[in-house]
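S.K.: One structure follows; several queries about it will come next.
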Amino acid sequence: MQKNKILISWHYLMPLSQKYKNLFKKENIDYDTISVNPSLKENQLLKIVHKYDGIICGDDEITKKVIDKAKKLKVISKWGTGLDSIDVNYAKKKNILICNSPKAFVESVTVYAFGLLINLSRGLFKIHSLVMKNKWEKYSGVELLNKNLGIIGFGNIGENIAKVGTAFGMNILINDSNKKLKSKVLRYGYSFISKVKILNKSDFLILATDLNKSSFHLLDFKDFEIIKKNLILINISRGPVINEKALIKYIENKKIGGIGLDVFENEPLKRNHIFKKFNNAIFGSHNAFNTKEAVNRTNDDCVLNLIKALKN
């Protein structure tokens, strides 16, 4: 059996467990590990990528330049779902197989999104802060029942978010660039509407779309002009889906009721970022996926995907 050599750069696989060490030995795979949080940059990969038949990566910058250097590369196994850091089309032209785990974080991200939504709608973070300051004040929140929940992106996560929203008695509004999803959306009893309408009608809006050319700055200055007053906005997709300069303007203009952001245009969030001055906001560290169960499932999935692909 031919020996393959792989690079493991995703820090959630570090330190490599004995289970995976044994599995790689059984499959005649040598490996190098580079523990980088959050990911390897293009210039780092260019120095080493030529050595490997396979890569297990997070959001490493696997660009056209990197792929051209990767003369031996057969497979890229992405830890998780998003492929926006990989030049997928060019990799396919070079006959490099790309694997990911599209259903890995459906449950964990859905619950996280509703954690943000409930926290913002009822002001739990504000109430907690007041109690800790020995202030016994009352905060009047808003109910979810009969409110309009807009979801942009009706993939696995968006679909599950809609299911949970229905359980809360919310009216589900869906927008997706894939018009073929309309019949599926309507079968569930949801509304499939344009971006303009979903911005205009939503009391709560959750962004659950992939990041690609069409979704970059999906919410821009002109979009915030038409949002419903006091919208609560949740982003658990990717940071660049929102133009943050536009978002800041409309928070300052008090048109937005609250924001829950787990992702940002530039991560990690800078120490003195203006977002930290807003009192109607909850921020995460790109952590919506992160439950023990989801991490373990995805670890197994990306390792097994790589092994299977190397055998082809």
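The values are calculated or read from the model by the stated rules, or taken from the named source; none is laboratory data. Bear in mind the structure is a predicted one, so any value in this text is a computation, not a measurement. For neighbour counting, all protein chains shown are included, and Cβ atoms are generated from backbone atoms with ideal geometry for every residue, glycine included. Each accessible area value is taken on the protein alone, full model and side chains, heavy atoms only, with ligands, DNA and RNA left out. Shrake-Rupley method; radii C 1.70, N 1.55, O 1.52, S 1.80 Å.
S.K.: Can you work out ³J(HN,Hα) from phi for every residue in segment 63-72, in order, using Karplus 6.51 cos²θ - 1.76 cosθ + 1.60 and θ = phi - 60°, giving whole Hz and x for Gly and Pro?
M.R.: Those phi angles translate into 8, 4, 4, 5, 5, 5, 6, 7, 5, 9 Hz.
S.K.: Local charge sum around residue 171 (other residues, Cβ-Cβ under 12 Å, Lys/Arg +1, Asp/Glu -1)?
M.R.: +1
S.K.: Got the relative contact order for segment 1-139 handy, in percent, Cα pairs under 8 Å and 6 or more residues apart?
M.R.: Relative contact order here is 18 percent.
S.K.: What dipole magnitude, in Debye to the nearest 20, does the chain give about its Cα centre under +1 on Lys/Arg Cβ and -1 on Asp/Glu Cβ?
M.R.: 340 debye
S.K.: Once the convex hull of the C-alpha atoms of the chain is built, how many Å³ does it hold per residue, rounded to a whole number?
M.R.: Each residue corresponds to 155 Å³ of Cα convex hull volume.
S.K.: Ignoring ligands and nucleic acids, what accessible area does residue 186 show with a 1.4 Å probe (Å², nearest 10)?
M.R.: The accessible area comes out at roughly 90 Å².
S.K.: Mind checking segment 207-300 for GluC sites (Glu not before Pro) that DSSP puts in a loop (not H, G, I, E or B) and that have at most 10 other Cβ atoms within 10 Å?
M.R.: none
S.K.: If you roll a 1.4 Å probe over the heavy atoms of the protein chains, what accessible area per residue do you get for the chain, in Å²?
M.R.: On the way: 16440 Å² over 312 residues.
Normalised by residue count, the accessible surface of the chain is 53 Å².
S.K.: Please give me the summed charge of the neighbours of residue 128: other residues whose Cβ is under 12 Å from its Cβ, Lys and Arg +1, Asp and Glu -1.
M.R.: Working: positive: 122, 126, 133, 135; negative: 137.
Here the charged neighbours net out to +3.
S.K.: From the square roots a ≥ b ≥ c of the eigenvalues of the alpha-carbon gyration tensor of segment 47-177, which class results: rounded (a/c under 1.5), prolate (a/b over b/c), or oblate?
M.R.: The shape class here is prolate.
S.K.: Which whole-Hz ³J(HN,Hα) couplings does segment 92-101 yield from phi under the Karplus relation 6.51 cos²θ - 1.76 cosθ + 1.60, θ = phi - 60°, glycine and proline marked x?
M.R.: The phi angles translate into 5, 4, 8, 6, 9, 7, 10, 10, 8, 10 Hz.
S.K.: Let me ask another. Can you list which of the GluC sites (Glu not before Pro) found in segment 131-210 are DSSP loop residues with at most 15 other C-beta atoms within 10 Å?
M.R.: Hits after loop and neighbour filter: 137, 143.
S.K.: If one puts a single equal scatterer on every Cα of segment 56-110 and applies the Debye formula without solvent, what log₁₀ I(q)/I(0) results at q = 0.21 Å⁻¹?
M.R.: Here the Debye-derived log intensity ratios amount to -0.73.
S.K.: Dipole magnitude of segment 169-247 about its Cα centre, charges +1 at Lys/Arg Cβ and -1 at Asp/Glu Cβ only, in debye to the nearest 20?
M.R.: Using only the charged Cβ atoms, the result is roughly 360 debye.
S.K.: Right, next: Specify the angular offset, from 0 to 90 degrees and rounded to the nearest 10, of the alpha carbon long axis of helix 156-167 from the longest principal axis of the alpha carbons in the chain.
M.R.: That works out to roughly 30 degrees.
S.K.: Determine the share of the chain's accessible area contributed by carbon and sulfur atoms, expressed in whole percent, with a 1.4 angstrom probe. Spell out each step's value before the answer.
M.R.: On the way: 8460 of 16440 Å².
That fraction is 51 percent.
S.K.: What size of dipole, in debye to the nearest 20, comes out for segment 207-312 about its Cα centre when the only charges are +1 on Lys and Arg C-beta atoms and -1 on Asp and Glu C-beta atoms?
M.R.: Using Cβ point charges on Lys, Arg, Asp and Glu, segment 207-312 gives about 260 debye.
S.K.: Note down the relative contact order for the chain as a percent, whole number, built from C-alpha pairs under 8 angstrom at least six residues apart.
M.R.: Normalised by residue count, the contact order of the chain is 16 percent.
S.K.: Further, regarding this structure: Mean residue ellipticity at 222 nm from the helices of the chain, using -39,500 (n - 2.57) per DSSP H segment of n ≥ 4 over the full residue count, to the nearest 500 deg cm²/dmol?
M.R.: Estimated from H runs of four or more residues: -10000 deg cm²/dmol.
S.K.: Looking at segment 1-46, which trypsin sites (Lys or Arg not before Pro) are in a loop (DSSP not H, G, I, E or B) and have at most 13 other Cβ atoms within 10 Å?
M.R.: On the way: sites: 3, 5, 19, 21, 25, 26, 41; in loops: 3, 41.
Passing sites in segment 1-46 are 3, 41.
S.K.: Just how far, in whole angstrom, is segment 90-136 from segment 252-268 if you go by their alpha carbon centroids?
M.R.: Spelled out, the Cα-based centre of one part sits 13 Å from the other.
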